[in-house]
Amino acid sequence: MADEHDDPTSPVSTALIHHAYRAPVEWDAIPVGVHKASTVFFPNVKALRERRWIDKSAYTYGLKGTPTSFTLEARLAVLEGAEHVMLVPSGLAAITLVDLALLKTGDELLLPDNVYGPSLSLAQHELARWGISHRFYDPLDAASLAQSITPATKLVWLEAAGSVTMEFPDLRGLIRTARALAPQARIAIDHTWGAGLAFNPFRLGEPGVDADDFGVDIAVHALTKFPSGGGDVLMGSVACRDVALHHHLSWTHSRLGYGVGADDVSAVLRGLPTIELRYRAQDLAARRIAAWAQTRPEFVRVLHPALPASPGHAHWAALCTQAAGLVTVAFDPAIASARVDAFVDALRLFRIGWSWAGPVSLVAPYDPATLRKRSSDYRGTLVRLCIGLENVDDLIADLTQALGALG
């Protein structure tokens, strides 16, 4: 019987763990290497004490970045029109990071009336418990924003286009108003819909009117959507152009312990080369479906920024030539919500689920009363269609057959 103090290992264990072989560094291929690590080695104590991660000049610990994550951040900076990008576990985590980094007890943030639901919930619960208040403004009316600003306003959120109801805000007017009346406030935008392709949120100026860099301070992006494109990754990003702001956000990021998995980073890197092709394909498909929906008597309203009758169309047309593949239809109020649910259940190619921008088309019904605090413009059940990469004629046929379930 072995003595309880016997070493259970042999010299081979040390040899395997501390093997001297190092692969040649001359490796180049399409995929970016997937670097996984928590611990990062330092050659000496001096390096341990002096290495800086915040400017991405060196590596200190897995949470602070690896060659894989630094590469994705650099490529996303190009996509976003930014200088600095950091990765977080989800789009909501990106919003949370901005709120926590910039707000303290007694501060106030302003939210558009079409704000992303989880962002609103964060403000109503966690932020409110910490003594941070919030107000709503009409994203189509800069005067509404002006009326909402107070000396306590420290953060103004924009969203283009609006969640579910697809309003495209007066971004230039809102930014001018915020800069003039709340110079103490930062301006952030949820840029997931635009995906870095429909418009550049950091450069929204009109020639001869605004500086070239007229735009937002921060853009957050749910990389879960278009940058990934596969419906299999949860990740977000926070982008900015000002280095001091980036460092401020980075320290909050560090203290929160936000990290992303290397395999997920690799998946987003794989999706980026096709993002323009997918965005354009889903845009064209959504426009065809929006045009078809306008011919159907069951729908009293079709919401898509490229449609002249859609709220904020003129603002969209002034900045964009593309739009994400999302269409919302408003059913005739005479059609009960239970019948609309039957329509949704009858769809075969459209699957019921959250998110969008993947290969599979998605659908979800909404009660407009739960979406808006200030507006009563929406009547009847809303159904958001998130267009995937299926054949458009097949999608229209699926919608047509499902309308038969209305009875």
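Of Trp53, Ile189, Leu97, which is farthest on the positive side of the dipole of the stretch 45-273, counting Cα position, with +1 on Lys and Arg Cβ, -1 on Asp and Glu Cβ, and the Cα centre as origin?
Value computed over the given set: Trp53.
Arrange the following residues from fewest to most other Cβ atoms within 10 Å of their Cβ: Leu399, Leu284. Each step should come with its number before you reach the end.
Numbers: Leu399 23, Leu284 15.
In increasing order of surrounding Cβ atoms, one gets Leu284, Leu399.
Could you give the nm distance between label points at Ser133 and Ala346, where each point is 7 Å from its Cα heading toward the beta carbon?
4.9
Dipole size in debye (nearest 20) for the stretch 274-406 around its Cα centre, Lys and Arg Cβ +1, Asp and Glu Cβ -1?
On the way: 14 positive and 12 negative charges, 78 e Å.
Its charge dipole is roughly 380 debye.
Just tell me the longest site-free run in the chain, where the sites are chymotrypsin sites (Phe, Trp or Tyr not before Pro) in a DSSP loop having at most 12 other beta-carbon atoms within 10 Å. Could the numbers behind the result be given before it?
Details: sites that count: Tyr21, Trp27, Phe41, Trp354.
So the longest stretch without any such site is 42-353.
Excluding same-chain residues fewer than 8 positions from Lys56, which aspartates and glutamates have a Cα within less than 19 Å of its Cα?
Glu73, Glu80, Glu83, Asp242
Of Lys64/Lys225; Lys46/Lys104; Lys104/Lys225; Lys64/Lys104, which pairs sit farther than 28 Å apart, going by alpha carbon to alpha carbon? Show your work: numbers first, answer last.
Details: Lys64/Lys225 24 Å; Lys46/Lys104 37 Å; Lys104/Lys225 30 Å; Lys64/Lys104 25 Å.
Beyond 28 Å: Lys46/Lys104; Lys104/Lys225.
Helix 91-102 against the longest principal axis of the chain: what's the angle in degrees, Cα atoms only, rounded to the nearest 10?
80
With runs of 4+ DSSP H residues as the only contributors, calculate the mean residue ellipticity of the chain at 222 nm using -39,500 (n - 2.57) per run, divided by the residue total and rounded to the nearest 500.
Working: 13 runs with 135 residues, N = 407.
My calculation for the chain gives -10000 deg cm²/dmol from helical runs alone.
Would you mind ranking Val238, Val115, Val363 by Cβ crowding within 10 Å, fewest neighbours first?
Details: Val238 31, Val115 25, Val363 20.
Ranked by crowding around the Cβ, least crowded first: Val363, Val115, Val238.
Which is the longest stretch in the chain that no exposed loop site breaks, taking sites as GluC sites (Glu not before Pro) with a DSSP loop state and at most 16 other Cβ atoms within 10 Å? Write down the numbers at each step before the final one.
Values: sites that count: Glu4, Glu26, Glu83, Glu390.
Counting at most 16 other Cβ atoms within 10 Å as exposed, the longest clean stretch of the chain is 84-389.
Could you pull out every one of the aspartates and glutamates with an alpha carbon less than 13 Å from that of Lys154, ignoring same-chain neighbours closer than 8 positions?
Asp99, Asp107, Glu108, Asp217
Relative contact order for the stretch 45-273 using alpha-carbon pairs under 8 Å, separation at least 6, rounded to a whole percent? It would help to have the intermediate numbers written out before the result.
Values: 427 pairs, mean separation 58.0, N = 229.
So the answer I get is 25 percent.
Using the crude model of +1 on Lys and Arg Cβ and -1 on Asp and Glu Cβ, and no other charge, please compute the dipole size for the chain relative to its Cα centre, in debye to 20. List each step's numbers first, then the result.
Numbers: 36 positive and 43 negative charges, 124 e Å.
Taking the Cα centre of the chain as origin, the dipole is about 600 debye.
Just to verify a number: FRET efficiency for Ile17 and His247, C-beta to C-beta distance, R0 = 30 Å, to 0.05?
0.25
Between Gly236, Gly325, Gly380, which gets the highest mean-square fluctuation from a Gaussian network model of the chain, Cα cutoff 10 Å?
Gly380
Between Thr96, Thr370, Thr165, find the one with the highest GNM mean-square fluctuation for the chain; connect C-alpha pairs within less than 10 Å.
Looking only at Thr96, Thr370, Thr165, the largest GNM fluctuation is found for Thr370.
Only Cα pairs under 8 Å and at least 6 apart count here; give the relative contact order of the chain as a rounded whole percent. It would help to have the intermediate numbers written out before the result.
Numbers: 774 pairs, mean separation 62.2, N = 407.
For the chain, the relative contact order is 15 percent.
How many nm separate the modelled label positions at Val34 and Leu277, each set 7 Å beyond the Cα in the direction of the Cβ?
Going from the Val34 label point to the Leu277 one covers 2.2 nm.
At 0.36 nm per residue, minus the direct Cα-Cα distance, what do Ala180 and Arg51 gain on full extension? Give it in nm, one decimal, please. The partial results should precede the final answer.
Values: separation 129, 0.36 × 129 = 46.44 nm, distance 4.07 nm.
Here the segment from Ala180 to Arg51 would lengthen by 42.4 nm.
Enumerate the calculated ³J(HN,Hα) couplings along the stretch 357-368 in order (Karplus 6.51 cos²θ - 1.76 cosθ + 1.60, θ = phi - 60°), each rounded to whole Hz, writing x wherever the residue is Gly or Pro.
Karplus values, whole Hz, x for Gly and Pro: 6, x, x, 9, 5, 10, 8, 7, x, 9, 8, x.
From the phi of every residue in the stretch 178-195, what ³J(HN,Hα) in whole Hz does the Karplus formula 6.51 cos²θ - 1.76 cosθ + 1.60 yield, where θ is phi - 60° and glycine or proline is x?
5, 5, 6, 9, 9, x, 7, 9, 8, 10, 10, 10, 7, 9, 4, 4, x, 6
Around Leu223, which amide H atoms from residues at least 5 apart in sequence, or from another chain, sit under 5 Å from its own amide H, with H modelled in the peptide plane?
Gly91, Met235, Gly236, Ser237
In degrees from 0 to 90, rounded to the nearest 10, what is the angle of the helix 275-293 Cα long axis to the longest principal axis of the chain?
Result, in degrees: 20.
Which of Val392, Val45, Val243 moves most in a GNM of the chain, Cα contacts under 10 Å?
Val45
Using only Cα atoms, find the angle between the long axis of helix 392-403 and the longest principal axis of the chain, and express it within 0 to 90 degrees, rounded to the nearest 10.
Roughly 60 degrees between the two axes.
Need one number: nm distance between label points at Ala58 and Gln401, each 7 Å from Cα along Cα→Cβ, rounded to one decimal.
6.3
All of the numbers you see were taken from the coordinates with simple rules; none came from a lab. Values in this document were obtained by computation on a predicted structure and should not be read as measured data. Here Cβ is always computed from backbone atoms with ideal geometry, including for glycine, and neighbour counts include all displayed protein chains.
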